[in-house]
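The values are calculated or read from the model by the stated rules, or taken from the named source; none is laboratory data. Quick caveat: nothing in here was measured; it's all calculated off a predicted structure. No Cβ is skipped: glycine too gets one built from the backbone with ideal geometry, and neighbour counts run over all protein chains shown. Keep in mind that these areas ignore ligands, DNA and RNA; they rest on the heavy atoms of the full protein, side chains included. Shrake-Rupley method; radii C 1.70, N 1.55, O 1.52, S 1.80 Å.
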Amino acid sequence: MTGQVSFDSHARSVLAASVEYVNRLTPGYSGGVAYAAPADDPESVTAAVADALTAIGYPPKSVPVDDARRLVALARRMRIVFESAAADDLDAAATEINKLLVDTNARPQLDRGRDRPWSLHFHGPDEQLANGWAAGCAAGLALAVGSDLAGRLGVCAAPHCDRVFVDVSKNGQRRFCSPQCQSRVKAAAHRARQNPPHTSRSAEN
């Protein structure tokens, strides 16, 4: 796919939140090293969720522990969506998204901010932190997978990294979660070219 990606501002926000939740709240690898999910103690889990929200420009005044734990569980399920979409298994991605839409009770609503036009937002059944973000993230992923933007959900291709991303580049060729992982792969390829493996004399005979 070529051309500019046309996520609206709300879709960009909830997709960015999805990425932050998955990357900060699920275990695996990040940048070449093992990455542990936050511990289940209240201080660790609420701090991790607060960091995720701050990273996308929504620093919370506080994060209730129950909401934080629900968002950790959401992140694990959203990882299934990213990994399935990255593997071109859109059936699995759509199946998990449909379950998320039901479980989060996502509902569409037209909202507007000060000096901004009406736009379509998705909400949970009430204004609790977890309900709002869970419903919005589920709907944002549905909008992506249910369109020709499905190929824009990715998992980092660098060795020992499984952090996720949404590709908003013009050419749709993004492969890495960060410039650091891209540089790491380029540096490894450069070293391999500079130091090719030596063929032993016995192997040549």
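List of remarks:
- Sites matching chymotrypsin sites (Phe, Trp or Tyr not before Pro) across the stretch 72-148 that sit in DSSP coil, with at most 10 neighbouring C-beta atoms within 10 Å: W118
- Accessible heavy-atom area order of R191, R163, R174, highest first, probe of 1.4 Å: R191, R174, R163
- Reference-scaled alpha-carbon Rg (2.2 N^0.38 Å with N residues) for the stretch 1-96: 1.17
- With a cut-off of 11 Å between beta carbons, the residues surrounding G151 carry a summed charge of -1, where Lys and Arg count +1 and Asp and Glu -1.
- Rotationally averaged projected area of the chain (alpha carbon convex hull; nm²): 15.5
- At 0.692 mPa s and 37 °C, Stokes diffusion of the stretch 86-205 via Kirkwood alpha-carbon radius, µm² per second: 184
- Counting only protein chain heavy atoms and rolling a 1.4 Å probe, the accessible areas of L110, L101 rank, largest first, as L110, L101.
- Accessible area in the full protein assembly, largest first, 1.4 Å probe, for K99, K186: K186, K99
- For the chain, the membrane-span-like helices by this rule, meaning whole DSSP H stretches whose C-alpha atoms cover at least 30 Å of axis and whose Kyte-Doolittle mean is -1.0 or above, are 65-86; this says nothing about an actual membrane.
- By the Cβ distance rule (another cysteine Cβ under 4.7 Å), the unpaired cysteines of the chain are C137, C181.
- The chain: relative contact order in percent, alpha carbon pairs under 8 Å with at least 6 residues between: 24
- Partner lysines for K186 [C-alpha distance under 24 Å; skip if fewer than 8 residues away on the same chain]: K170
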